[in-house]
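A.B. asks: Here it is: the structure, laid out below.
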Amino acid sequence: MFYLYQAPLMKSCLIFFMFFLSAGIFCQQKFTLSGHVTSAQTGESLIGATVKVKTAEGIKGTIVNSYGFYSITLPQGDYPIEISFIGFSTISDTIILLSDIQRDFELKESGLLNEVEITAEASNDNITSTEMSKNELSIAEIKKLPALMGEVDIIKAIQLLPGVQSVGEGGSGFYVRGGAVDQNLILLDEANVYNASHLMGFFSVFNPDVVKDVQLYKGGIPAEYGGRLSSVLDIKMIDGNYKNFTAEGGIGTISSRATIGGPIVKDRGSFVISGRRTYADIFLNFSSKEELKNSTLYFYDANIKLNYKLNDNNRIYLSGYFGRDVFGIDSMFRMDWGNATATLRWNHVFSNKLFLNTTATFSNYDYFLGEPTGKEAYEWTSNIQDYYLKTDFSYFINPDNTLKFGGLASYHRIDPGMAVGTGVSILEEFVVSKTNGLEYAFYVSHKIKFNNRWTANYGLRYSIFQNIGPGTYYTYDENFKVKDTSEYSKGEVFNTYAGFEPRAGLTFVLNEYSSLKLSYNRTRQYIQLASNSTSSSPLDIWFPCSPNVKPQIADQIALGYFVNLYKDAYETSVEVYYKEMQNAIDFKDHATLLLNPYMEGELRFGRAWAYGSEFMVKKSTGKLTGWISYTLSRTQKQIDGINNNKPYLAKSDQTHNLSVTVSYEFSKQLSVSANFIYSTGSAVTMPIGKYEYMGMVIPLYSDRNAKRLPDYHRLDFAATWKVKQKEGKRWQSEWVFSVYNVYNRANAYQINFKQNPDNANETVAEMMYLFGIIPSITYNFKF
């Protein structure tokens, strides 16, 4: 009888349990609020805007991603919500969350309000986020800085940040935490930029008028980035104005620029076109020397971007950059070089929680040298091309959990160089074998907030590199002499490298105003630069890993203490780091790199390590803004076959590096800014003596990089006067007066050593420097 009644009893219990469970689920039912955050004036997405919701458990929030999208999932209910972004008025509202809601928000620029200026309060996101070793600069901050020859420069701006060091006077290359120039991944709308300089490094290729967002990762690099050891500089272009047609530009003493933009279809699509050119060559016409009158010296570049909103879930973007430098001396010599990039992106919202970005990019860097006439007339060309396809998914599980995953495939084509005689030249053709490579990567990362104190962000990247034909490769013996030659046919894979790249970050919030952060990342680099100069030049050659060249691998750990003072008005931080680099590359003494088919025989391998401390104080609100940064660091190498196998300083080693940047707004019309820079002189190898052998004078050099250039320091100043805007008129204009190197410091650019004409046994040093005081005037306009 027991069994006869057991089934009905169990059935009743099961029905009761399911009812109880469903009631519990109903009580805990969650819905998602998602959408885009944009500027009410232009329709531009506001990268990094915050969406905060007040709940019974406290404040929950999310950050708008790189494409303006946000998503936050909460239990059903009524919630006060705030959407804020620095420089824009905050939106406060109440959301009744009874189902999934898709809602876009438009923030008004506070400076354009007719009422009392309202600026979003500084937040403590720098305290609570898992990101460390990261700096983000707004284009408004960058444009406040004094400029070389009146041209605001993004690369010069990031050189003022802790852990970032300039390669030297006028150069646009930079070192990050002991890494070399080529160990920085520079992206413009996700496309690689291999040489970011104009005019031999005095300007960068990034026109500030078309830049929206600048982010620099020095450590704790997210898993979606890879291919370089030391840093990621991620630069995104503006989309253009979705609301109205606009134009802006500037006329300066060295260069001029112009940008136009507007809607393709109002509120659905937009475009922006920008151009820039220097005219230093115009002044050469006034020279008394005939060869200078007929010489050329200028650069130009152009940016274009189109985007269109197909519907609420699909957007497409197309952007491109093209720039070139031209230098020629009469009809005797010509050199030009330049970059070209193209990016096609598709954003798709699968659901209110799942976001997709798919990107296809192309990038090209090439240079040309030539002597057009005579028996030694020649043409010399070289280039590197990249084709990338990348897919990134973001899954917003809830306010405390975000999952990212994706992958990429890329093809690298490198032409190290070809020189050929032209016309009546007696020179023969000289060709270095082209190289090709395939690179793949897959990644996943997870950000999780355990409670109000502990947050973690961890991920894993797996990368693969393959050498493929056609090509000629050489095998070297223990003395770096060629012992064998191998030929590979087109498409033949003959070498593969692969490895994991773990990434992790952890934040412990001490209180509302302070936190501790810890990060670790491993990075792998498969393509590097062949350069034995102190900075990058247009003639440097990129070369891939091969059977003779293993990928460089870096492991970095960093610990940081972050404190906000005076209600988050001041952000302060202290970070310490240690970086260990395997398979580090350097070149033997007197290495021959250009047009050398056996260049791999000039390479030497070993290890490198860097460590240091970085200090920063930053103020972003009020009339007085700016930052102070100081870095104390050391970078060394130990390479077999160099410096008697003893450790030596890397070229990037600068013990002390100090930057002070301030801006003060006296009124709505007048503001002034200044920056002061000091750094220890770069490590160099210098002659310390000489001897005579068979009638020849042979110099004796110091140990590798055992000497230093003089310390570097400089003060710059700028004043901006905004012309009062007429009521009802769109025209806005300003005058910018700047002085580069205010106290005329002669900073060493190069040191030459020559024999003293009065004493044959004495060698004298001759210091070359580029700039004294450089005043400039620029007129900027916008309508």
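A.B. asks: Give me a count of the residues in the range 599-639 that are more than 23 Å from the chain's Cα centre (by Cα) and within 19 Å of Gln528 (Cα to Cα).
C.D. replies: Residues flagged as more than 23 Å from the chain's Cα centre (by Cα) and within 19 Å of Gln528 (Cα to Cα) within the range 599-639 amount to 13.
A.B. asks: I'm checking my understanding of the structure. Among residues of the range 64-78 that are crowded, with 20+ Cβ neighbours inside 10 Å and hydroxyl-bearing (Ser, Thr, Tyr), which one is farthest from Ser39 (Cα to Cα)?
C.D. replies: Of everything passing the filter in the range 64-78, Thr73 is farthest from Ser39 (Cα to Cα).
A.B. asks: Could you tell me which residue of the range 739-761 is modelled with the highest pLDDT, considering only residues that are surrounded by fewer than 12 Cβ atoms within 10 Å (Cβ to Cβ), assigned to a loop (DSSP other than H, G, I, E, B) and not polar (S, T, N, Q)?
C.D. replies: Tyr743
A.B. asks: Among the strands (runs of 3 or more DSSP E) lying completely within the range 199-253, list those that include at least 2 residues that are charged (D, E, K, R).
C.D. replies: 211-217, 231-237
A.B. asks: I'm trying to understand the selection: among the residues of the range 358-396, which are in contact with a Phe, Trp or Tyr (Cβ under 9 Å, 6 or more places away or on another chain) and either without any contact (Cβ under 8 Å) to a residue 24 or more places away in the chain or assigned to a loop (DSSP other than H, G, I, E, B) (or both)?
C.D. replies: Pro372
A.B. asks: I need the full set of residues from the range 567-585 which are modelled with pLDDT under 95, touching a Lys or Arg at 6+ places or on another chain (Cβ under 7 Å) and either open to solvent by 50 Å² or more (accessible area, probe 1.4 Å) or aromatic (Phe, Trp, Tyr) (or both), in order please.
C.D. replies: Result: Tyr570, Glu571.
A.B. asks: Here's something else I'd like to know. Somewhere in the range 539-552, is a residue within 26 Å of Lys434 (Cβ to Cβ), surrounded by fewer than 19 Cβ atoms within 10 Å (Cβ to Cβ) and basic (Lys, Arg)?
C.D. replies: Looking through the range 539-552, at least one residue is within 26 Å of Lys434 (Cβ to Cβ), surrounded by fewer than 19 Cβ atoms within 10 Å (Cβ to Cβ) and basic (Lys, Arg).
A.B. asks: Another question, then. Take the range 768-783 and flag every residue that is under 11 Å from Ala147 (Cβ atoms) and among the hydroxyl-bearing types (Ser, Thr, Tyr).
C.D. replies: Passing the criteria: Ser776, Thr778.
A.B. asks: Taking Ala157 and the conditions (1) in a loop (DSSP other than H, G, I, E, B); (2) open to solvent by less than 10 Å² (accessible area, probe 1.4 Å); (3) not acidic (Asp, Glu), which numbered condition does it fall short on, given that it satisfies the others?
C.D. replies: (1)
A.B. asks: When you scan the range 316-331, how many residues do you find that are farther than 28 Å from Thr253 by Cα and either open to solvent by 40 Å² or more (accessible area, probe 1.4 Å) or modelled with pLDDT under 95 (or both)?
C.D. replies: So the answer is 2.
A.B. asks: Follow-up. If the requirement is being farther than 30 Å from Lys266 by Cβ and either open to solvent by 20 Å² or more (accessible area, probe 1.4 Å) or over 14 Å from the mean Cα position of the chain (by Cα) (or both), which of these qualifies: Tyr242, Tyr225?
C.D. replies: Being farther than 30 Å from Lys266 by Cβ and either open to solvent by 20 Å² or more (accessible area, probe 1.4 Å) or over 14 Å from the mean Cα position of the chain (by Cα) (or both) holds for just one of Tyr242, Tyr225, which is Tyr225.
A.B. asks: On the phi < 0 side of the Ramachandran plot and open to solvent by 50 Å² or more (accessible area, probe 1.4 Å), is that true of Pro399?
C.D. replies: Answer is no for this residue.
A.B. asks: Tell me the residue from Gly437, Gly407, Gly471 that is under 22 Å from Ile541 (Cα atoms), free of Cβ contacts under 8 Å to residues at least 60 places away in the same chain and open to solvent by less than 40 Å² (accessible area, probe 1.4 Å), please.
C.D. replies: From the options Gly437, Gly407, Gly471, the qualifying one is Gly471.
A.B. asks: Against the condition open to solvent by 10 Å² or more (accessible area, probe 1.4 Å) and not charged (D, E, K, R), how does Ile527 come out, does it pass?
C.D. replies: no
A.B. asks: A follow-up question, please. Hey, any hits in the range 487-510 for a residue that's more than 24 Å from the chain's Cα centre (by Cα), at pLDDT below 90 and either surrounded by fewer than 16 Cβ atoms within 10 Å (Cβ to Cβ) or closer than 26 Å to Tyr217 by Cα (or both)?
C.D. replies: No, because not a single residue in the range 487-510 is more than 24 Å from the chain's Cα centre (by Cα), at pLDDT below 90 and either surrounded by fewer than 16 Cβ atoms within 10 Å (Cβ to Cβ) or closer than 26 Å to Tyr217 by Cα (or both).
A.B. asks: Quick one: what pairs do we get from the range 703-728, first residue of a type in the set (Gly, Ala, Ser), second surrounded by fewer than 18 Cβ atoms within 10 Å (Cβ to Cβ) and modelled with pLDDT of 90 or more, C-beta under 8 Å, 6+ apart or different chains?
C.D. replies: Short answer, once both residue conditions are applied: Ala718/Val672; Ala718/Phe737; Ala718/Val739; Ala719/Leu670; Ala719/Val672; Ala719/Phe737.
A.B. asks: Hey, can you tell me all the residues within the range 617-646 that are among the charged types (D, E, K, R) and open to solvent by less than 60 Å² (accessible area, probe 1.4 Å)?
C.D. replies: Scanning the range 617-646 gives Lys618, Lys619, Lys637.
A.B. asks: Against the condition in contact with a Gly (Cβ under 7 Å, 6 or more places away or on another chain), small (Gly, Ala, Ser) and part of a strand (DSSP E or B), how does Ser629 come out, does it pass?
C.D. replies: no
A.B. asks: So Val444 clears everything in (1) part of a loop (DSSP other than H, G, I, E, B); (2) touching a strand residue (DSSP E or B) at 6+ places or on another chain (Cβ under 9 Å) except one condition, right? Which one?
C.D. replies: For Val444, the failing item is (1).
A.B. asks: For the range 652-699, please list each of the strands (runs of 3 or more DSSP E) lying entirely inside it that holds at least 3 residues being closer than 26 Å to Gly168 by Cβ and either within 23 Å of the chain's Cα centre (by Cα) or modelled with pLDDT of 90 or more (or both).
C.D. replies: Filter on the range 652-699 gives 656-665, 670-679.
The values are calculated or read from the model by the stated rules, or taken from the named source; none is laboratory data. Just so we're clear, the structure is a prediction, and the values are computed from it rather than from any experiment. Virtual Cβ from ideal backbone geometry, glycine too; neighbours counted across all protein chains shown. For the accessible areas, the whole protein counts, side chains as well, though only heavy atoms, and no ligand, DNA or RNA atoms are used. Shrake-Rupley method; radii C 1.70, N 1.55, O 1.52, S 1.80 Å.
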